[in-house]
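Taking it in order: structure first as structure tokens, then the write-up.
Since every read-out is calculated from the coordinates, none of them should be taken as a lab result. Source: prediction; values computed, not measured.
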Amino acid sequence: MKKGLLVLVLLAVIVFGVMSNREMRTQIRSEYYRIVVGDQQVTLAECNQVMVGMDRDQVVGILNEGRLAGKGVEISSSTTQGLDLSSILPGMQFPGFEMTSVKWVNDDGSYFGVVLTNGVVTGKTQGGLK
């Protein structure tokens, strides 16, 4: 009987710890994005102004016009080296490229993201922006 009660208490402590940890991570993540994104919210109108072909500075300029929205959080980045096959096939060279994903997240969970290839916007996405 005592063993069962001890297991139940231990299980309750573990569940409470997991729930508290999840809430703490959510609060930390929200605070991190508030610091990085800023107190202002990124809007759908701003998202619509960002066009393929712009560089990151132009995007940040649109999102920061008249306020501080931050530079976004770099979600991922990868670099591919070029490939030179000209010794086998004359004229066959493939340049390398760098691809980066950057995301701005508002307090309500809505977000705006861009994909940059060699520093230029090649794609954008948003969810829940107003």
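Taking every C-alpha pair closer than 8 Å and separated by at least 6 residues, the mean separation divided by the residue count of the range 38-127 gives a relative contact order of 28 percent.
In a fully extended conformation the segment linking residue 125 and residue 80 would gain 13.9 nm over its present Cα-Cα distance, using 0.36 nm per residue.
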